[in-house]
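Bear in mind that the values in this text are calculations on the coordinates, not laboratory data. Note that this is a predicted model, so its numbers are computed, not measured. Here the Cβ positions follow ideal geometry from the backbone for every residue, glycine too, while neighbour counts run over all protein chains shown.
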Amino acid sequence: MKNLEFPIIGTKVKGLTKKFDINSPKGRSEYFEAKAGGEIAALKNYMQSNTFVAFLLGKKNSGKGTYSKLFTEIFGEEKVAHISVGDVVRDADANWDKIAKNKLNELKSYYRGFMSFEEAVKALKGRSTANLLPTEFVLALMKLYIKEHEGKALFIDGLPRELDQVSYSLYFRDLINYREDPDIFVLIDIPESVIAERIKYRVICPKCQTSRNLKLLVTSKVGYDEKEHKFYLMCDNPYCKGERMVSKEGDELGIEPIRPRLEKDEDILKKAFSLHGVPKVLLRNHIPAKEAGKYFDPYEITPEFVLSYDQSKKKAKVKETPWQVLDDNGVESVSLMAPAVMVSMLKQLVDALEI
């Protein structure tokens, strides 16, 4: 973010020279144990009888879902739940008849707002990106869904949505009956240049929805379409049949279509950063290139995959090279792989929870 500095929390362990395969579950398990085994043990012990509520704040495509999945991978689905406000609202809309039949009175009992409950329901059914649902109704929906995850640590993605909702988040734990849980802000700093590249080169499997990137995260199967003169990836998800991955219409425009959203997200991040009285976990996706070797191992730095085509062999070739970007303050930087950022989260969570 512009004019806001997050601390660099390195992952290097003295004497540890092994290169871990952080792209595979087994390799990540070994990696996390080697880099943050003590913190993981402390958190597992804490989560035997305690939970917490973490509000994930970051710009669109900053990796909030990825970090939640990695945390769940380490500690298990029985201990952690990732709750996306957007998913909750969409699910409530799609399954409203079921809610109205089985949980309407319960939802009404949670609702306190400045428009009638009936008007709020109409807003749900007729909502648009230009007209957000009342915060009070969203909180009532969230309480309904969170009851399904009692006894779990919560990563809440999507609140606050507006500057004036930051204070709602601070007291959200009381509204959802997690009164004894510590609440934490997890703030994610990622350069717009990284977000732009993630969007521009993003491809998705049309069958299993696995997401990859033609520049930053290729699959094991890369092909070249001679007719269209472009490279493509084949899905290598073992549970998929190897569909050809496709780009989403408009992705080639990068961040321009969502720039207003990114600017609002940054304002919310800065306001949350300035708050007192709530612990914060500060995650940075990038560090200055000249300092990368001091704090991180080479395999923890996001590479760029350069694709070429061997005409004689009719085969696509992949070359891995260092990738550098300018951060939001114009500093030449490298981007970190998600597991390296997760190590930073683990170390900071132990301090934030005072374990």
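Label 7 Å along Cα→Cβ of Lys315; the stretch 199-222 residues with amide nitrogen under 20 Å?
218-222
Taking every pair of Cα atoms in the stretch 1-148, average 1/r, invert it to obtain the Kirkwood radius, and report Rg/Rh to two decimals. Show your work: numbers first, answer last.
Details: Rg = 20.4 Å, Rh = 18.9 Å.
My calculation of the ratio gives 1.08.
Per residue, how big is the convex hull of the stretch 291-351 when only Cα atoms are used? Give it in Å³. Walk me through the numbers before you get to the answer.
Details: hull volume 7.3 nm³, N = 61.
So the per-residue hull volume is 119 Å³.
For His276 and Ser116, FRET efficiency with R0 = 45 Å and r from the beta-carbon atoms, rounded to 0.05? Intermediate results must be reported in sequence, preceding the final value.
Values: r = 36 Å, r/R0 = 0.80.
So the FRET efficiency works out to roughly 0.80.
Using a simple spin-label model with points 7 Å from Cα along the Cα→Cβ vector, what separation in nm is obtained for Lys69 and Ser247?
About 2.2 nm separates the two model spin labels.
For the chain, find the longest principal axis of its Cα atoms and tell me its angle to the long axis of helix 25-46, 0 to 90°, nearest 10.
Around 30 degrees separate the two axes.
Can you find, among Leu4, Ser308, Val166, the residue farthest towards the positive end of the dipole of the chain? Put +1 on the C-beta of Lys and Arg, -1 on that of Asp and Glu.
Checking the options against the dipole of the chain, the answer is Ser308.
Based on DSSP, what percent of beta bridges with both residues in the chain are antiparallel, to the nearest 5? Don't skip to the end; give the middle numbers.
Details: 26 of 45 bridges.
Roughly 60 percent of the DSSP beta bridges within the chain come out antiparallel.
Find out how many positive minus negative residues lie around Phe137, taking Lys and Arg as positive, Asp and Glu as negative, among other residues whose Cβ is under 10 Å from that of Phe137.
Values: positive: Arg112; negative: Glu119, Glu136.
Value of the local net charge: -1.
Per DSSP H run of n ≥ 4, the term is -39500 (n - 2.57); total these for the chain, divide by its residue number, and report the mean residue ellipticity at 222 nm rounded to 500 deg cm²/dmol. List each step's numbers first, then the result.
Working: 13 runs with 131 residues, N = 355.
It lands at -11000 deg cm²/dmol.
Report, to the nearest 10°, how far helix 85-94 tilts away from the longest principal axis of the Cα atoms in the chain, using its own Cα long axis and a range of 0 to 90°.
It works out to around 70 degrees.
Take the Cα gyration tensor of the chain, multiply each eigenvalue by 5, square-root it, and list the three semi-axes largest first, rounded to whole angstrom.
The three semi-axes for the chain are 35, 26, 20 Å.
Within the set of other residues whose C-beta is less than 13 Å from the C-beta of Tyr224, count the net charge using Lys and Arg as +1 and Asp and Glu as -1. Could you put the intermediate results ahead of the total?
Numbers: positive: Lys221, Lys227, Lys230, Arg244, Lys313, Lys314, Lys315, Lys317; negative: Asp225, Glu226, Glu228, Asp310.
Local net charge: +4.
What nm distance separates the two modelled labels at Val331 and Lys103, each placed 7 Å from Cα along Cα→Cβ?
Result for the modelled spin labels: 4.4 nm.
How far, in degrees from 0 to 90, does helix 259-273 lean away from the longest principal axis of the Cα atoms of the chain, to the nearest 10?
Tilt relative to the chain: about 70 degrees.
Within the stretch 318-352, list the residues whose amide N lies under 20 Å from a label point set 7 Å along Cα→Cβ of Ala34.
336-347
What net charge is computed for the residues neighbouring Trp323, neighbours being all others with C-beta under 11 Å from the C-beta of Trp323, Lys and Arg scored +1, Asp and Glu -1? If you can, show how the numbers build up before the last one.
Values: positive: Lys215; negative: Glu197, Glu304, Glu320.
The answer is -2.
Between Pro191, Leu269, Gly15, whose Cα lies farthest towards the positive end of the dipole of the chain when Lys and Arg beta carbons carry +1 and Asp and Glu beta carbons carry -1, centred on the Cα centre?
Highest projection toward the positive end goes to Gly15.
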